Amino acid sequence: MRNDTSNTAKDELFKDPTSKLQPFSFNSEVAGVFDDMAARSIPGYREMHELCGDLIRTFVKGSAGRKRIFDIGCSTGATLLAILQKLEGEEGELIGVDNSLPMIERCREKLEKLGVEGISLLHSSFQDLELEGASAILLNYTLQFISPALRPALMRKCYLGLQPGGVVILSEKTCSDIPEVQEVVTERYELFKEMNGYRREEIRNKAAALHGVLIPFSVEQNIALLREAGFPQVELLMKNHHFTTIIAVKAR
């Protein structure tokens, strides 16, 4: 089973100069082109899905008790599909959660088109979500859209909701505390997007729309956030440009 993006509409949302005047949101227009947008905008996007699938299989497969895997900010379901494939029939409960109704609807359409069963979808905010008994919690490019003031409590909620030995996998766009590094990596990232077909004007327009909406932490801040939530084991797994994946393991 693979994530089907063959019929995904091309992302051209930020060709219009007026697009930068409206704050970025996960509305129906974004949901309609999200697969293309993410694949062309996030270095190592598909590799991150494969990594998540392998990690979930390792930490969850064969573990005792009920297996509940939450993908918070599941968007159109790419990570869920990768995990389902890796579990290879292992019994468990896969739950995709998103506070954007258009994203949930787009995800449901995709799963139905692919004939996928075994994934539940929930339209909910992080704050209202019940996580008790979770085996694994994934947050891929989700926390960066949540107010920094709320992040410590939400990470603590994840820690408390996990079973012993459970994991949080956190993928985020990060920033550097070294101005020269931030400048160079930003330039390299913009070149990456140009190579994937975006024009300079589109890149600038989207950056303007995301300003104040996407608030990145540094790698060190994200690791500290997880440690302060209670996780004794935290490790940086992947970094491509400023896009990172971190795993945190709860003590058994």
Quiz item: How far, in degrees from 0 to 90, does helix 219-229 lean away from the longest principal axis of the Cα atoms of the chain, to the nearest 10?
Solution: 30 degrees
Quiz item: What's the lysine pair count for region 97-252 at a Cα cut-off below 26 Å, pairs eight or more apart or interchain?
Solution: 14
Quiz prompt | Debye, to nearest 20: dipole size of the chain, +1 on Lys, Arg Cβ, -1 on Asp, Glu Cβ | solution = 300 debye
Quiz item: In percent, how large is the relative contact order of region 26-174, given Cα pairs closer than 8 Å and 6 or more residues apart?
Solution: 25 percent
Exercise. Let me have the relative contact order for the chain, percent, based on Cα pairs under 8 Å that are six or more residues apart.
Key: 22 percent
Practice problem: Sum -39500 (n - 2.57) across every DSSP H segment of at least 4 residues in the chain, then divide by the residue count to get the 222 nm mean residue ellipticity, nearest 500. | Solution: -13000 deg cm²/dmol
Quiz item: Can you run phi through the Karplus equation (6.51, -1.76, 1.60; θ = phi - 60°) for region 158-163 and list ³J(HN,Hα) in whole Hz, with x for Gly and Pro?
Solution: 4, 4, 5, x, 6, 5
Quiz item: So how strong a dipole does region 142-193 carry about its Cα centre when Lys and Arg Cβ are +1 and Asp and Glu Cβ are -1, to the nearest 20 debye?
Solution: 420 debye
Quiz item: Projected onto the charge dipole of the chain (+1 at Lys/Arg Cβ, -1 at Asp/Glu Cβ, origin at the Cα centre), which of 104, 69, 59 gives the Cα projection farthest towards the positive end?
Solution: 59
Quiz item: From the Cα gyration tensor of the chain, with a ≥ b ≥ c the square roots of its eigenvalues, which class applies: rounded if a/c is under 1.5, or else prolate if a/b is larger than b/c, or else oblate?
Solution: oblate
Self-check item: Peptides 160-171, 237-248, 124-135 ordered by average Cβ neighbours within 10 Å, highest first
Solution: 160-171, 237-248, 124-135
Exercise. Report, in debye and to the nearest 20, how large the dipole of region 142-252 comes out about its Cα centre when Lys and Arg carry +1 and Asp and Glu carry -1 on their Cβ.
Key: 520 debye
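Rule-based calculations on the coordinates, nothing more; no lab input. It should be emphasised that the depicted structure is a prediction, and the values quoted were computed from it without experimental measurement. Cβ sites come from the backbone with ideal geometry, for glycine too, and all protein chains shown count toward neighbours.
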